[in-house]
Amino acid sequence: MKLLSGLFFLGVLTLPPTLPALAEDEAAVRPPRPAKIVTVLTRPRENKISQPIVVEPLQSAVLTMLEGGVIEELPVREGDIVKRGDLIARVDTRILENNLNQARSQLAQAKVEFDRAKILLQQDNISKSVYDQRATEYELAELNVEASEKRLGDATLLAPFDGVVALVNVDQFQTVDPRQDIITLQSETLFVAVMHVPASQIVDATDVEVRDSYLNLDVAPLVNIPANFRSLAQQADPASQTYQAELSFTRPEGLVVLPGMTGQVYATVIPNVSAEHVPVVEVPMSAIQYDGEFSYVWLVQGSGDALTVTRRDVVIDQDIGELLLVKEGLQKGDEIVGAGASYLFEGMQIRRFGG
């Protein structure tokens, strides 16, 4: 027993001493982490639209004769190309020419009587009332000549603009009445693309700018035809809630374009900047971090070498691409971490990448 007790006592005395604890309060200071810093920019709010269109002629007119009679000349046929001033139709003018000659003869006689009355009035050989009567007769004769000349001119129908004859409503030697339809004339190279833009794509239909617009016709889907914005309805259609818009374009050389053709128009619609149209904020997709259903960025604070980051929650608009639209949380001029944001934490020191 004495031997065992001695051994136990000796064992207790020979146990190794405990190791001292490491000093946690003297941990090494981490150097600032390099990060790519970007400045938040804005651009005007815009909508990319792609809408079906129907082609209509830029100009279309139903031409009528102002003077009735028998059509003696009708040199045009459907499909003919005419230039401004070309003859479309002419009615028999023999009676009108006779009326004009008679009116001119009466004017000549009235002028002789008026000139004689002026001389006699100066000589005090006629009364003032007789002179006034001769003056009135002369004025009426002048008006009669003007009216006869106009009626003779109205017997001839000329093309008011360059175009194509779309429809001929009468035949040669047919008797027509004044204001009766003769032909339908449409522009041959200038057309309008009519489309209906959904109200959801137009922020303010009364104040927009259309850019980068072009169209493809179904008959030539690979041909991009430049188009210029022409008009946009000021009110939406109450049934379809769409705005009718028109874009004008010129028929490409060698391409047949006819009214009624269909296609697709592409354009960028930008509301003019106002208090109601705040420009949109864009940030790189790599700057956006996600915490469950919430999205955020790391906002850079400080200046010079003393830069830190703090979390800033943001609301992202539905979009795709390398740049995302931020609806809430940022404003122009803010600096955020654009790359490497997933390795940061609140209050962490950073330095500009490459600096």
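Here is a list: I288, I336, I316, I350. Which entry is of a type in the set (A, V, I, L, M) and touching a Pro at 6+ places or on another chain (Cβ under 6 Å)? Please lay out each step first, then the result.
On the way: I288 fails: touching a Pro at 6+ places or on another chain (Cβ under 6 Å); I336 fails: touching a Pro at 6+ places or on another chain (Cβ under 6 Å); I316 fails: touching a Pro at 6+ places or on another chain (Cβ under 6 Å).
Going through I288, I336, I316, I350 in turn, the sole match is I350.
Any residue at all in segment 184-193 that's out of contact with any Ser or Thr (no Cβ under 9 Å at 6 or more places or on another chain) and either more than 30 Å from A233 (Cβ to Cβ) or part of a helix (DSSP H, G or I) (or both)? Before the answer, list the steps.
Pass one, segment 184-193, residues out of contact with any Ser or Thr (no Cβ under 9 Å at 6 or more places or on another chain): 188.
Add one more test, that the residue is either more than 30 Å from A233 (Cβ to Cβ) or part of a helix (DSSP H, G or I) (or both), and what stays is none.
The answer is no, given that none of the residues of segment 184-193 is out of contact with any Ser or Thr (no Cβ under 9 Å at 6 or more places or on another chain) and either more than 30 Å from A233 (Cβ to Cβ) or part of a helix (DSSP H, G or I) (or both).
Total residues in segment 56-81 satisfying the condition of being open to solvent by 40 Å² or more (accessible area, probe 1.4 Å) and closer than 18 Å to G163 by Cα: the figure is 11.
Does at least one position in segment 211-218 carry a residue that is open to solvent by less than 70 Å² (accessible area, probe 1.4 Å), out of contact with any Lys or Arg (no Cβ under 8 Å at 6 or more places or on another chain), on the phi < 0 side of the Ramachandran plot and at pLDDT below 85? I'd like the intermediate steps shown before the answer.
Keep residues of segment 211-218 that are open to solvent by less than 70 Å² (accessible area, probe 1.4 Å), which gives 213, 215-217.
Subsequent filtering for residues that are out of contact with any Lys or Arg (no Cβ under 8 Å at 6 or more places or on another chain) retains 213, 215-217.
Filter once more, keeping what is on the phi < 0 side of the Ramachandran plot: 213, 215-217.
Among the residues that remain, those that are also at pLDDT below 85 are: none.
Checking segment 211-218: not a single residue is open to solvent by less than 70 Å² (accessible area, probe 1.4 Å), out of contact with any Lys or Arg (no Cβ under 8 Å at 6 or more places or on another chain), on the phi < 0 side of the Ramachandran plot and at pLDDT below 85.
Inside segment 88-100, residues that are in contact with a Leu (Cβ under 6 Å, 6 or more places away or on another chain) and either over 24 Å from V145 (Cα atoms) or loosely packed, with under 13 Cβ neighbours inside 10 Å (or both) make up a count of 1.
Taking each residue of segment 31-42 that is closer than 16 Å to R312 by Cα and at pLDDT 85 or above and looking for partners that are part of a strand (DSSP E or B) and open to solvent by 50 Å² or more (accessible area, probe 1.4 Å) with beta-carbon atoms closer than 9 Å, six or more apart or interchain, yields I37/E335; I37/R352; V38/E335; T39/E335; V40/E335. When restricted to residues that are surrounded by 13 or more Cβ atoms within 10 Å (Cβ to Cβ) and acidic (D, E), segment 160-176 contains 1. For segment 101-136, the set of residues classified as open to solvent by less than 80 Å² (accessible area, probe 1.4 Å) and in contact (Cβ under 8 Å) with a residue 24 or more places away in the chain consists of A103, L107, A110, E113, F114, R134, listed by residue number. Of all residues in segment 298-347, those that are touching an Asp or Glu at 6+ places or on another chain (Cβ under 8 Å) and closer than 23 Å to R30 by Cα total 5. Here segment 219-252 is the region considered, the condition is being among the charged types (D, E, K, R) and part of a loop (DSSP other than H, G, I, E, B), and the residue that is farthest from Q264 (Cα to Cα) is D237. Look at (1) of a type in the set (D, E, K, R); (2) out of contact with any strand residue (DSSP E or B) (no Cβ under 6 Å at 6 or more places or on another chain); (3) surrounded by 12 or more Cβ atoms within 10 Å (Cβ to Cβ) and you find that R84 fails only one, number (3).
In a residue-by-residue description of segment 146-154, the property of being under 43 Å from the mean Cα position of the chain (by Cα) and part of a loop (DSSP other than H, G, I, E, B) applies to no position. Sub-7 Å Cβ pairs linking a first residue in segment 252-265 that is in contact (Cβ under 8 Å) with a residue 60 or more places away in the chain and farther than 21 Å from E78 by Cα to a second residue that is part of a loop (DSSP other than H, G, I, E, B) and open to solvent by less than 40 Å² (accessible area, probe 1.4 Å), at least 6 apart or interchain, are V265/A227, ordered by first then second residue.
The values are calculated or read from the model by the stated rules, or taken from the named source; none is laboratory data. Please read all numbers here as calculations on a predicted model, not as lab measurements. As a convention, Cβ positions derive from the backbone with ideal geometry for all residues, glycine included, and neighbour counts pool all protein chains shown. Remember, those area values only see protein heavy atoms, side chains included, never the ligands or the DNA or RNA. Shrake-Rupley method; radii C 1.70, N 1.55, O 1.52, S 1.80 Å.
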